[in-house]
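The values are calculated or read from the model by the stated rules, or taken from the named source; none is laboratory data. All figures in this text were calculated on a predicted structure; none of them were measured in a lab. Virtual Cβ from ideal backbone geometry, glycine too; neighbours counted across all protein chains shown. Please note that ligands, DNA and RNA were not included when accessible areas were found on the heavy atoms of the full protein model with its side chains. Shrake-Rupley method; radii C 1.70, N 1.55, O 1.52, S 1.80 Å.
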Amino acid sequence: MTSTLDELMTQRPQADFPVLITDAQIAEFRERGFIRIDRITSDNELVWLGEVYDRLFEERVQSVPGGYFDLTRPYDSAGEDHQPQIIMPEARYRELRKTAFYRNGRFIAAHLLGVESTNLRGWGHMIRKPAITGGPLPWHQDEAYWDPAFDYVALGCWMPLDPATVESGCMSFIPGSHRGDVRKHRHLGDDPAVHALVVEDVDTSAGVPVPVEAGGAVFHHCRILHCSGSNRSSRVRRAYANEWQLDPVRRETALPDRPWIDEGKRAWENRAIKN
Ligand code: NI
């Protein structure tokens, strides 16, 4: 008999999986804006997370209102998802905050950002690229999605549950690009009802693909330019990420407006009214 999600939550394996972070890795993160680590969690936890992940997507779980959508197609599109995302699964399934992935991610994030781990808040998202039909995510900076009235100290910790290769849609980064400003973005296809943003006017020829084994992880700064490829392989490419950040601080002088954020909000609200 297959378990329900609530039953699965009671089956979380003990996650004793200590990790280390070296000064050289911290220096590399500051210089390049990202690092890869070989393993962040145990085999047992990876198996359990995979079962939870599959069930969440099968049931299209909305852990928070509107928390399931396709990143690269307009909200409410009919048909097959190319790149569905589940936001904040841990808001409903608190066991996801007790994993080695969560704990180690916070520990490493604190060292990379040079802050106390107890001051870091985490929120999760899961992005699924189906075999063959899983689409690419265009070049962007994560901070471009966020309110420019605030300053952020933040990074993403991204773990694939299946091997992330160039063929299956691993991420690529432009080393050092995290030191620049947030650039102008627009919605993919110039449609504000599409969640994904794409950066304008950037030379992406310096992009470096970063394959990661299942259970490994990439930590990346909130301003680094990055993208992921389409999944041309015959197996799904599942990824689970936690964003780690200090509480955002309101800026005294505003940064340039990010009109794409307001455009996106309006499209999102229209969707809520329609539903
Ligand atoms: Ni991103």
Strands (runs of 3 or more DSSP E) fully within segment 21-118 counting 3 or more residues that are in contact with a Lys or Arg (Cβ under 9 Å, 6 or more places away or on another chain) and buried (at least 18 other Cβ atoms within 10 Å of the Cβ): 84-87
Residues of segment 205-231 satisfying the condition of being within 13 Å of the ligand (Cβ to nearest atom) and outside any strand (DSSP E or B): CYS222, ARG223, ILE224, LEU225
So TYR75, is it closer than 16 Å to ILE127 by Cα, touching a residue at least 40 places away in the same chain (Cβ under 8 Å) and in contact with a His (Cβ under 9 Å, 6 or more places away or on another chain): yes
Top-ranked residue in segment 1-20 [being in a helix (DSSP H, G or I) and out of contact with any helix residue (DSSP H, G or I) (no Cβ under 7 Å at 6 or more places or on another chain); ranked as least open to solvent (accessible area, probe 1.4 Å)]: GLU7
Complete set of residues in segment 191-204 that are open to solvent by 10 Å² or more (accessible area, probe 1.4 Å) and either within 11 Å of the ligand (Cβ to nearest atom) or modelled with pLDDT of 95 or more (or both): VAL198, VAL199
Residues satisfying the stated conditions in segment 211-233, i.e. surrounded by fewer than 20 Cβ atoms within 10 Å (Cβ to Cβ) and of a type in the set (A, V, I, L, M): ALA214
Count of residues meeting criterion [assigned to a strand (DSSP E or B) and in contact with a Gly (Cβ under 8 Å, 6 or more places away or on another chain)] in segment 232-244: 7
